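Chemist: Structure below; questions to follow.
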Amino acid sequence: MKLDRGWLLGIWIGTAVAGAPGVIAGDSEALLKLLQTRQCPNCRLADADLVHADLRDADLQGARLQRANLGQARLDGADLSGADLSFTSLRGASLRGANLEGARLYGTDLRDADLAGARLGANALEEAHWQGAKTITTEARSHAALHNAGVNAALAGRWPQAEELFNEAIARQPDEALSWVARGISRSEQAKDELAARDFLYAGTLFQQAGNPAIAEQLQKAAVAVQKRRTERTDQPSGNGWGGQILSGMAGAAQVLAPLAMKALIPLGLGL
């Protein structure tokens, strides 16, 4: 690969103009090595600007890439195992078949990235931003991450997307009653009242098993209310905000279920 030094100089100048710390002098050789050979395991590349860089099949095992900008970069087949990608931007990057096992993805921006065939550990995206990313395996996202993404979609009024994310959350952890309630709300908002009623009833069963008969009873009443609306409001083509209103309008313990179900869950194991 022939190195375009003018392009590299432009990277440094652009970084300095933006006020970022840029690649420090001690790391310039590492950057040159990466761009020339694509072989730079354990390199120190924090804050590097590598937007649109072609790093296909690059060896970046254990590399320190904190806060680096790899937006729109081509990293297909790259080995990023064990790399520190904390607060790194990989937005819109192509990571098809990349190895990200053991990589630190704290605050990493993977929005709109292509992760087809990428190797990720279980719950690897727990602390990353991955909305809009393509071809993410369910295993890479925890129940909490999926539920929370569903909450974000619901709060933005994207009810079909919210329903799908709650579907995946339930598949990951079918005994979490709040995800069933949340899916019931998202379905009710789409006038899928029969399905919403089933979700509320099943959530009630879970609360009953957990020793919360009062909440279980209120969810049963909510299911009846949804089904009643179905017969009384057949002229309504859409939910029009009824899902949360039905629950919050119920007396007793169920009044708190809608805001709880539409609240981010704290992922297990984060110590928060």
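Throughout, read-outs are computed from the coordinates displayed, never taken from laboratory work. Since this is a predicted model, take the numbers as computed values, not measurements. Using ideal geometry, Cβ is built from the backbone for each residue, glycine included, and neighbour counts are taken over all protein chains shown.
Chemist: Convex hull over the Cα atoms of segment 156-232, averaged projected area in nm²?
Modeler: Across all orientations, segment 156-232 yields a mean hull projection of 4.8 nm².
Chemist: Once the Cα gyration tensor of segment 41-140 is found, what semi-axes does its equivalent ellipsoid get, as square roots of 5 times the eigenvalues, in whole Å, sorted largest first?
Modeler: 17, 14, 13
Chemist: What is the Cα centroid distance between segment 145-177 and segment 80-100, reported in whole angstrom?
Modeler: Using only Cα atoms to place each centre, the spacing works out to 25 Å.
Chemist: Can you give the local net charge around GLU163? Use residues other than it whose beta-carbon is closer than 11 angstrom to its beta-carbon, Lys and Arg +1, Asp and Glu -1.
Modeler: 0
Chemist: Taking neighbour counts of Cβ atoms within 10 Å as a proxy for exposure, in what order, fewest first, do VAL151, VAL224, VAL181 appear?
Modeler: If I rank by nearby Cβ atoms, fewest first, I get VAL224, VAL151, VAL181.
Chemist: Which of SER89, SER28, SER188 comes first, and how do the rest follow, when ranked by fewest Cβ neighbours within 10 Å?
Modeler: Neighbour counts put them in this order, fewest first: SER28, SER89, SER188.
Chemist: Among SER179, SER86, rank each residue by its count of other Cβ atoms within 10 Å, from fewest to most, as a rough exposure measure.
Modeler: SER86, SER179
Chemist: Can you tell me what percent of all Cα-Cα pairs in segment 71-190 are more than 19 Å apart?
Modeler: Tail of P(r) above 19 Å: 45 percent of Cα pairs.
Chemist: Which value, in debye to the nearest 20, gives the size of the charge dipole of segment 61-176 about its Cα centre, when Lys and Arg are +1 and Asp and Glu are -1 at the Cβ?
Modeler: 440
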